[in-house]
Structures are given as C-alpha cells and as structure tokens.
Amino acid sequence: MLDSPNTPLPTTEAEVIEYLQRHGAKDMLRFLTAGSVDDGKSTLIGRLLYDSKMIYEDQLAAVMEDSAVHGTTDTDFDPALLTDGLKAEREQGITIDVAYRYFSTDKRNFIIADTPGHEQYTRNMATGASTCDLAVILVDARHGVLEQTRRHSFIASLLGIRHLAVCINKMDLVDYSQEVFERICLEYQGFAAKLEDIDMHFIPISALRGDNVVDPSENMPWFQGGSLLYYLETVPVSTDRNLIDMRFPVQYVVRPDLNYRGYCGTVASGILRKGNEVTVLPSGRQTRVVSLTTFEGEVEEAFPPMAVTVTLEDEVDISRGDMIVHPNNRPHVAQDFEAIVVWMNDDPLEVNGSYLVKSTTNMVPATVTSLQYRFDINSLHRVDSETLHANEIGRVCVSTHRQICFDAYGRNRSTGCFIIVDRNTNATVGAGMILDREKTAQPVDSTAEPKSTHIRREASGVSVNEREALLNQKPATLWLTGLSGSGKSTIARDLERSLFDRGQACFILDGDNIRHGLNRDLGFNASDRTENIRRVSEVAALLNHAGLIVITSFISPYREDRAKAREIIGHDRFVEVHVDTPLEVCETRDPKGLYKKARAGEIAQFTGIDAPYEAPENPELTLKTADMKIAESTAQIVAYLEEQGLLSS
Amino acid sequence: MCNMITYNFSHLQQLEAESIFIIREVAASFDKPVMLYSIGKDSSVMLRLAQKAFHPAPIPFPLMHVDTTFKFKEMIAFRERMAKEVGFELLVWINQDGVTRGMNPFDFGSEEHTRVMKTDGLKQALDHYGFDAAYGGARRDEEKSRAKERIYSFRDRFHQWDPKNQRPELWNLYNNRVHKGESIRVFPLSNWTELDIWLYIMQEEIPIVPLYYAAEREVVERDGNLIMVDDDRLPLEPGETPQRKRVRFRTLGCYPLTGAIESDADTVPKIVQEMLLTKTSERQGRVIDADKSASMEEKKREGYF
C-alpha cells in the first residue's frame, strides 16, 4: 500500500487527502512478467513489492515462517514466497497460473500479471498479455536466450504488446559481467528481429540481491540505463490507445421510462461526441447522438475506456452486440475473417467443428473453416498442420453465423480480439487476433490483386496513434488537381514550406519528378495516365502510413482515377483540392511553353487542348487562383486542415 | 494531434470504468444475477458502481445478504437504511437448519459456525433462487490465493471452485456460458486495492457502516483480539470484564469473530493515515483466518466467498 521508500508518510488530514488524490490521479501501467522455470520471476516480483515497501508486516512474517519449509534460497528470506499463492503450487515449487499483483510508486500505479514459465502454459501467458501494455521478459544470465524466451517474446508480440523490458537476471552468478550481458543482448536482438517491430529495453539485474530492480546497482557501474522500476515508471504507453476509429459496442439497453432509451457501453476506441452523426451497425441506420449520460451528469464527449449511456435522436431498433460508429469510419461488417489463434484447451481444434465466438459484446455461433498453418514456436516457422493442440498457435479462417463488426487487431486491440468457446463444455478453448485484410476484401480493381498469392500484409509494430503522437499531426494527402499551368506545383511548394516551417512533416509528390523515376515507363495515353495515378496513390498511401502529410501535384484529369486515388489513400485522408484556373489564364502563363507546343501539334493528348479535363464535382476545396495570391491559397488549405482536426491550430 | 494527449484517464477512473463494464456485462448476459451484499466497505463501493452502471435506471437485480445472525446490530440497521435510500430489492437469507441446531460460534467454534451459517447459507440461497451469477466484492490484493482468482470465477453444481479448472480470461471478453446448476461468481473490484477503495469512498462520499470509524465501544480482550460486546449473547469467560475503549473495525463480519483495533481514526483520511502507518494487512482482524496461511484457499474450494 505504500508509496516508494523516499516518500515521507502524510501526517495531517489535509496531507492524507492530498496523498489519496494524488494516488487516484496517477496513471496505470499493466505489465506481465514471463520467463522460463527458475528464471526468477516470482523472486523479481517479490523484490519489487518488498523494495517498494508493498509487503504488510504480517504477510512478511508468514513468509519468513514459510521460508524455512519451502524456501529455495540461503539468504534471509525468499522473495518468491511472497507471490506464489496456491498451496499445491508452492509444494511443487512452481507457479502454475496467472496471478495479479498491485503496487504503486510516486509516478504510477502498477498491475503485474505474473505468468508462468512452464512449457505447457502458453495459454496463461497469452491470458496475462491480453490486458497488458508491457512485458518483462526474464533471461537467466547463465543460460542466455532459451526456446522459452523466444516463445514468450513471440506471444507478447502476437498479443499486441509494444514494449519489452528484457531483464538479464542472476547477474550475481556471472560476476556481474558486462561481456555476458552484451552477448545475451545481441543474441536476443538477433532472434527478436524476426518479431514485429517492438520497443525493447535491456537491463542487467539480480532479482535476488536487488541489483537494478528498484535502485541502480553498485555492482554494475558499467550499466547506465537505469533500474527496471525507473523504466516501468517512465515508459510512455498512453499513446498506444486508438483515439481515431470511434467504436461503441452496445452492451446493455436501459429503459427506465417511456421517454428514455439509453444504450450503455464502453468506448472501445476513438472519441464519441454529443451531436455526432452516427451509423448503427450492422443495420447501417443513420442517426445522431442526443446525449451522453453518466451518473455524474451529461458529458460532451467520451473516449476509451469511458463507460457511458448514449441516447439517439431516432427510435432505431438497437440491441446488445450492435456497434455505434462514425459514418465515414467503419469497421468491417462481415461473417468471415482470418485470425491468429492461441489454442487453450486439451481437446484440439476441430476444423469445421461448431463453436461460439465472443467478440466485443457479441456471442455468435461460428466455425473455424480452415487452418492455414501452425507456428513452430521455437523457430517461428510456419508448418502445415491438421489441428492445433493446447498451447499451439496457428492461422485460421473463421466463419460466424451472423455478421459481426470488427477491425484488425493490429489497428484496434478492443475490436480485433475474440475468444472461442466450446458449445458442449462451455470452456474457453481459444483466443484470436483478427488479421488485416482490408485490401483483399475491397480490391481497388481487378488489376490491383497481388500477382502472387503468397503475398501477405505484415502489420507494423508502431501504431498509427504512436506516429501521430510523435509527429503531432494526422496524415493526409492533399490532392491538387487542375490544368497544366494552373499553379499546382507553385502552391504545393509554398504549402510544403509553410507546413514545414510550423513543424509538420510533409512531402510533395510532383508529376514531373515521379515521371523521371518510378513512372518513367509510362506515357500520356488514358491507360498510362490511370496507372500513373494508381502508383502515385499507392506511394501517397504509404507515406501517409508513415505519418507524413503528402501534397500531390498532378493534372489527374479523370474523375474515375481520382475516385480510385481516394479509395486507395482512404476517405479520411484524401483531400481533393481543385486548383481551378481557367484555361485562358493557364495558357497565358504557360510556364514550360507546353501550351504553345500543344497548339503547334508538337505534343499530343495535352489536357485542355486535345485531351479532356474532368473537373471535380465535390472537391473538399476549390482554389480560384486567377484572383488569389499564392499565400492565400496556402492559407485556405491550412485553415481547412485545422478545421478538420488534421492539424492542431 | 496535440489535444489527444488530454484524453487521459486516471488510475481510479480506469478502475471505475472497468468495474461498470463488468457489472453491465453480467446483467446483460445472465438470466438471473444477484449481488452479494456483505454490508462492508467493499460492498458499499460495489453498490455505488452498480447504481452508476444502470443510471438513470434502477439496479436491475436484487442484492442479497446472507445473515449469520451474529452480525453487528449497526450492520443490520445500515443494510435496511441503504435498501430504502438507494431503492434496491433486498433479499436476506438465514440458514434455518443452522438456526434450528442453535448454531453459534461459542459452542460450535468459529469454523463450524462460519461454514454452516455463511458458506452453507450462501449455497442454500443460491440454489433456492436459482441465481446463475453472483457478484462479490472481493479484491485480488486482499490475500495471496485471491491474486489468482478470475473476474468471472466458475463454480460447479456444488458451488465449488477448482483452482486447476478455471477458464482462461482474456481481454474483457468474459465467458458467461454455464450449464444448469452451475454458476459464476463475479468480482468487479478484482483490480482495486484497499487504498483505492478508501479514496473512492472519500471522493464519492459513499456511506459506510459507522463501525469503521473510531468511537467508544464496549469490548473484551480475548486471544489478543478486542471483541465487541454487541449484545448479551457473548459469553464472558472468567476474568473477562467488558471495558470501554476507543476502537474501530478494519473489516466487518460476525461480531464475536471480528477483532477491533484501538484507534482515534474517525474520518476516512484518518483511517487511511492509520492504515499507512500500521501496515497490518486487512484480514488479520478476522479470527477465522488466523489458523494457517493457506486457510482462505481451503475455504474458497468449499464455496466460501
């Protein structure tokens, strides 16, 4: 219950009130500990609790007494006995389940999921990891990276954990050797390169002796990276949340009287605001948020993980399992999806067997229609398999009997996860993470399918939110379209300068530049123009994924091509800007002398002369450059971005 | 975006939101849930969370108190007051077999009394009403074996808990499926610590039984515990004379089995300050746990809450 040892205890009533309020206002980090048998997990947790004064005196007395019977150490007490809960486990000398521990320091409150190292308990590790932001991986300095270490790191990454604290433990048994530490770090990094991109932090410790656990170790002056506790207190995790894609799974309907019908739920991701236009899925009905009710009163907006009750403008038939979303940002609504599944039951997976799947607030009958492969947990190779046994992990196709709303787990941890329940025994037999197949589900056109069926999308380890937080912007593509000479490139350059000067990361994709390299094989006939725009759109989409604001400067004369660009880049990110300059003005400007050449017949298929320009019907912005200065055009675009919340003002 | 950084939720707000989610989830997916109301401070917090979960609608399930007939008088008075003020449906269950047998902790011993009046009483009540889910206010930080308890804890037809046969619990996807006769015990406060509970009581101004606050009370000293003379059923042993002391209780149960501590703490901040100083863990005041360190685990296997 106590704060870290340095904090003096509050004495006056006012101090206690302040102390309590500070305690409640701190943020929370949930982390798990994983390691092989005898790597010293329980000892580490006992040490964290003991050194941060979290142990009650009567508990400590009981442990001292127990140390004589069960203890495995010759020191004064065995910290592991503080955390090994169940009697049977204690007698076997191993932990066999997930145990949750609580402690706090001045900086943060912590929940530890203590997960087991024994080979047969992969499922418990997955269970612990599912609610955690960070994993502490323990490696015995005497043994280095073992199969278990690989397995634990892999599971943590599969379950969406983005931060690993790799503790090389028992440094006291290798004479606190820097060389041993560095060798193991290299070994670990060599293996972890195969995992999805994860933030990794290495610390040499001795949990038993307390080196680098709470305080920096005097025995390892060569290590300047701070103690484990320091890392746990300072690693940023709040940016891991998805605040973009609003998802509100309806959990419960309240109807206290005829005039009030409220939909209770917890915001899974994104931000829900009073007055928002919303779509209710799967029905697709549109309506508007009238109020967001809480016990304390109405609120203007709700964000994850707030629990609120929503009332809507129209009497729509909504029940538990439906999802309220923004009309322009929808999850998948489908009956089929692919997923990575961790099998948790002694009865193996039955392909085509009948199960129940629970996803958000939905429980639906479902079938696992195929098992594509299983992971060899040690090599991480994909191997053919007929089934999954307990503690095995594989990729499956799932078919639900009703449509459900979901996102890819890599994008949304709350709406991308599910459990599999056995219909006969009611046991929870599997846990799944839905894979991203956005592009295969909505092909851009027939030529957009990858030529090879072996190509699979790999999710990044860095989330969209993290990138947005780093760059302090939301990515978007400003698609400048207009005649040659309309001023696209000039505006693009001015806009880029202006955005860059205010600290935004942005980049121009210019027609001429792209045609010098990536698109040098393309000409100006209709099909080459279409391909030109497709490639540019894909590049813009990639740069947006990387977090950049992209400015494109292409004539892009065909409506259909721009519609495809919008599709590829995404409706939320595509901003169509019509640089609307009359042909006469462009022809007078003629900066590259192209109109002259076209009129002279030296250039064929020149837009505006002998090729059509299809003006946008509903562009996000129109710039009448004939009557405007360049700076005004730029200002208009910037104002639009601020208005849409893509840039902070 | 700059303003994203402001969408932060404190530790206590997160705990509250998580508990409300769990309470709603159970109400939505079980046929007949009940909230076990022990009248203690954790129950008081759980009650407030249930009010919040369904506001502006009333709590859609009953609260049930398993009365061992040896609860403090002030607890019973508080129970009746809360039922009236909050307006929930209150069920009170007393094991009539135990009453017929004249069950009391003095002649039968604390273990036997607790088993019959509390553990068996609870099982009878659950069977009688056919509840398929029962909310309890237990927290994982209370005791070592509770650290491994699930939020949804599966119980077989005999209300037994098997530590080796619990369902894996991932994300917030709780498995509500049970066969007839089986049930789930649900612990919405699993992730709260004692400090969180007190902070919440203070912030939310949640009423609690006055016994938590220090006052002059008549007690006798017995086996190192201060036992309150709550009524004339407490047999005094030779040499025992009730004396008035300024005491309070850290936990509440049957009065002959619950030790008081000498204290001047008569407000929540004073209680917290005392707690921070003493570092004596919560259940120590309960006579029943003092036998051996794994005793709670054995009671849980039998169906003790």
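If you go through the stretch B:255-271 one residue at a time, do you hit one that is of a type in the set (K, R) and assigned to a helix (DSSP H, G or I)?
Among the residues of the stretch B:255-271, at least one is of a type in the set (K, R) and assigned to a helix (DSSP H, G or I), which makes the answer yes.
Do you know which of the residues in the stretch A:473-508 that are aliphatic (A, V, I, L, M) and open to solvent by less than 10 Å² (accessible area, probe 1.4 Å) is farthest from A:D528 (Cα to Cα)?
Ranking the candidates gives A:L499 first.
Does A:D175 fit the bill of being charged (D, E, K, R) and more than 25 Å from A:K107 (Cβ to Cβ)?
yes
Within the stretch A:206-257, how many residues turn out to be part of a strand (DSSP E or B), open to solvent by less than 50 Å² (accessible area, probe 1.4 Å) and more than 30 Å from A:T415 (Cβ to Cβ)?
Final tally of qualifying residues: 2.
Please give the helices (runs of 4 or more DSSP H) falling wholly within the stretch B:1-87 in which 1 or more residues are open to solvent by less than 40 Å² (accessible area, probe 1.4 Å) and among the acidic types (D, E).
B:11-29, B:41-54
Hey, any hits in the stretch A:190-205 for a residue that's open to solvent by less than 30 Å² (accessible area, probe 1.4 Å), part of a helix (DSSP H, G or I) and of a type in the set (G, A, S)?
yes
State whether the residues of the stretch A:519-528 include one that is of a type in the set (D, E, K, R) and touching a Leu at 6+ places or on another chain (Cβ under 6 Å).
Yes: one or more hits.
Could you count how many residues in the stretch B:155-181 are of a type in the set (D, E), free of Cβ contacts under 8 Å to residues at least 60 places away in the same chain and more than 8 Å from chain A (Cβ to nearest Cβ)?
First, the residues of the stretch B:155-181 that are of a type in the set (D, E): B:156, B:162, B:169.
Within this subset, residues satisfying the condition of being free of Cβ contacts under 8 Å to residues at least 60 places away in the same chain are B:156, B:169.
Cutting the leftovers down to more than 8 Å from chain A (Cβ to nearest Cβ) gives us B:156.
Count: 1.
Counting just the residues of the stretch B:189-226 that are part of a loop (DSSP other than H, G, I, E, B) and aromatic (F, W, Y), which one comes out nearest to the other protein chains (Cβ to nearest Cβ)? Outline the logic, then answer.
Looking only at the stretch B:189-226, we keep the residues that are part of a loop (DSSP other than H, G, I, E, B), and these are B:189-193, B:205-209, B:213-214, B:223-224.
Of the ones still in play, those that are also aromatic (F, W, Y) are B:192, B:213.
Values: B:W192: 9, B:Y213: 14 Å.
The residue in question is B:W192.
Name every residue in the stretch A:152-180 that is in contact (Cβ under 8 Å) with a residue 40 or more places away in the chain, open to solvent by 20 Å² or more (accessible area, probe 1.4 Å) and farther than 21 Å from A:L48 by Cβ, in order of residue number.
Matches in the stretch A:152-180: A:L158, A:R162, A:Q178.
Run down A:A339, A:A334 and say which single residue is in a strand (DSSP E or B), at pLDDT below 95 and hydrophobic (A, V, I, L, M, F, W, C).
Exactly one residue qualifies, and that residue is A:A334.
Quick grid of which residues meet (1) touching a strand residue (DSSP E or B) at 6+ places or on another chain (Cβ under 8 Å); (2) farther than 27 Å from B:T193 by Cα; (3) within 14 Å of another protein chain (Cβ to nearest Cβ):
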{"residue": "B:Q13", "(1), (2), (3)": "no, no, yes"}
{"residue": "B:S19", "(1), (2), (3)": "no, no, yes"}
{"residue": "B:I22", "(1), (2), (3)": "yes, no, yes"}
{"residue": "B:E25", "(1), (2), (3)": "yes, no, yes"}
{"residue": "B:A50", "(1), (2), (3)": "yes, no, yes"}
{"residue": "B:F54", "(1), (2), (3)": "yes, no, yes"}
{"residue": "B:K84", "(1), (2), (3)": "no, yes, no"}
{"residue": "B:L91", "(1), (2), (3)": "yes, yes, no"}
{"residue": "B:K123", "(1), (2), (3)": "no, yes, no"}
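Take the stretch A:465-489 and flag every residue that is under 14 Å from A:I244 (Cα atoms) and either modelled with pLDDT of 90 or more or of a type in the set (D, E, K, R) (or both).
Across the stretch A:465-489, the qualifying residues are A:E466, A:R467, A:E468, A:K474, A:P475, A:A476.
Mind listing whichever residues of the stretch A:608-634 are within 41 Å of the chain's Cα centre (by Cα) and among the charged types (D, E, K, R)?
A:E614, A:E617, A:E620, A:K624, A:E632
Residue by residue, here is whether (1) within 26 Å of A:G128 (Cβ to Cβ); (2) modelled with pLDDT of 90 or more holds:
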| site | (1), (2) |
| --- | --- |
| A:L159 | yes, yes |
| A:A165 | yes, yes |
| A:D172 | no, yes |
| A:V180 | no, yes |
| A:Y188 | yes, yes |
| A:A193 | yes, no |
| A:P204 | yes, yes |
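Condition check: within 23 Å of A:S130 (Cα to Cα) and either in contact (Cβ under 8 Å) with a residue 60 or more places away in the chain or surrounded by fewer than 22 Cβ atoms within 10 Å (Cβ to Cβ) (or both). Does A:I324 satisfy that?
Values: within 23 Å of A:S130 (Cα to Cα): no; either in contact (Cβ under 8 Å) with a residue 60 or more places away in the chain or surrounded by fewer than 22 Cβ atoms within 10 Å (Cβ to Cβ) (or both): yes.
Judged against the criteria, A:I324 is not a match.
The values are calculated or read from the model by the stated rules, or taken from the named source; none is laboratory data. Everything numeric here is computed off the predicted structure, so don't read it as measured data. FYI the Cβ positions are ideal-geometry reconstructions off the backbone, even for glycines, and counts take in every protein chain you see. In case anyone asks, the SASA skips ligands and DNA or RNA and just uses the protein heavy atoms, side chains included. Shrake-Rupley method; radii C 1.70, N 1.55, O 1.52, S 1.80 Å.
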